[in-house]
Amino acid sequence: MELTGEERAIYEWQIWVDGLGPSGQERLKASTALVTRVGGLGGPLAQSLAAAGIGKLILAHAGNTKPSDLNRQILQTHGQLGKSRIESCQRRLLDLNPRLKVEAVPENVHEGNAAELVSGADIVFDCAPLFEERLLLNRECVRQHKPLIDAAMFGLEGQLTTIIPGQTPCLACLYPEIPPGWKREFPVIGAVSATVANLAALEGIKLLAGFGELLTSKLLVYDARSMTFRKIAIHRRVDCAVCSTLTPGTPAEKDD
């Protein structure tokens, strides 16, 4: 997809980045990303993808805006309280980038919609707070052979990994079972979730545009309390119930 004159002007400084160039920008324009839960993580992530010139975003998040959202969900406003959260996300992103295509889904990921949501995307960004949703997305991305960037945070810590089905460990390799005691609500400072979100967005931009080194088979762990970053090597489990039989190049399964 060739860039218009307007797009070349908008992304001029970005195109100067070594390795990206006009061809990488065109690949971004031709790409569709699914972002699940467009909150403290997914909101800044979607905003960065929109600003970078991705062609289409599929956004999935249920519910209405609450006062407790406003410390971190940058696509929400006080005027949106009590109204659809996903509508505000769509409006704010189109204000930033009117060339963007947005498919706004007022639902969280569940068994009934996961396959369809993943099938419409070239890349999936998992920003859900619940392991049930994260593991469901992971299973569906492995089944359809779609790259998944899993981002998470708690308190002053964040973590990030890039999953390429058949090549890297999947999320179920790291979490064969849902960790006990994990709750929907937990401590969060918006600056921490936004930091992890932008690192995840950068991973996606590199993957789609085809440059740089990815966090494949590595878990990036970020501690904001001490401002330290660590990269931990991770490995596929030979007994993983989700990805153990998958090999590079295995074609994605298709629904009838």
query: Within region 24-45, which residues are out of contact with any Asp or Glu (no Cβ under 8 Å at 6 or more places or on another chain) and free of Cβ contacts under 8 Å to residues at least 60 places away in the same chain?
result: 30
- prompt: Checking residue 47 against (1) surrounded by 20 or more Cβ atoms within 10 Å (Cβ to Cβ); (2) over 19 Å from residue 124 (Cβ atoms), which test does it fail?
  reply: (2)
message: Of everything in region 63-84, what is in contact with a helix residue (DSSP H, G or I) (Cβ under 8 Å, 6 or more places away or on another chain), within 16 Å of residue 188 (Cβ to Cβ) and part of a helix (DSSP H, G or I)? Give them in sequence order.
response: 69
Residue 152 buried (at least 20 other Cβ atoms within 10 Å of the Cβ), aliphatic (A, V, I, L, M) and in a strand (DSSP E or B): yes
field: Residue that is surrounded by the most Cβ atoms within 10 Å (Cβ to Cβ), among those in region 86-110 that are assigned to a loop (DSSP other than H, G, I, E, B) and touching a residue at least 12 places away in the same chain (Cβ under 8 Å)
entry: 109
field: Residue within region 166-184 that is within 13 Å of the chain's Cα centre (by Cα), closer than 16 Å to residue 118 by Cβ and either among the hydrophobic types (A, V, I, L, M, F, W, C) or surrounded by fewer than 20 Cβ atoms within 10 Å (Cβ to Cβ) (or both) present
entry: no
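Going by the conditions given, is residue 174 over 24 Å from residue 49 (Cβ atoms), touching an Asp or Glu at 6+ places or on another chain (Cβ under 8 Å) and of a type outside the set (D, E, K, R)?
no
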Qualifying positions in region 115-137 - assigned to a helix (DSSP H, G or I) and more than 14 Å from residue 103 (Cβ to Cβ): 115, 131, 132, 133, 134, 135, 136, 137
query: In this structure, does residue 158 turn out to be within 15 Å of the chain's Cα centre (by Cα), within 17 Å of residue 39 (Cβ to Cβ) and not hydrophobic (A, V, I, L, M, F, W, C)?
result: yes
- request: Identify the residue in region 194-216 that is out of contact with any strand residue (DSSP E or B) (no Cβ under 7 Å at 6 or more places or on another chain) and of a type in the set (D, E, K, R) and, among all such residues, is surrounded by the most Cβ atoms within 10 Å (Cβ to Cβ).
  value: 206
statement: Being surrounded by fewer than 20 Cβ atoms within 10 Å (Cβ to Cβ) and within 16 Å of residue 37 (Cα to Cα) narrows 113, 138 down to just 113
query: List the pairs whose first member sits in region 66-81 and is more than 23 Å from residue 153 (Cα to Cα), whose second member is loosely packed, with under 14 Cβ neighbours inside 10 Å, and whose Cβ atoms are under 9 Å apart, counting only residues at least 6 apart or on separate chains?
result: 78/67; 81/66; 81/67
query: When residues of region 105-132 are filtered for being at pLDDT below 95, among the acidic types (Asp, Glu) and closer than 14 Å to residue 148 by Cβ, how many remain?
result: 0
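The values are calculated or read from the model by the stated rules, or taken from the named source; none is laboratory data. In this text the structure is predicted, and so the values were computed from the model without any measurement. Reconstructed Cβ throughout: ideal geometry from the backbone, glycine too, with neighbour counts over all protein chains shown.
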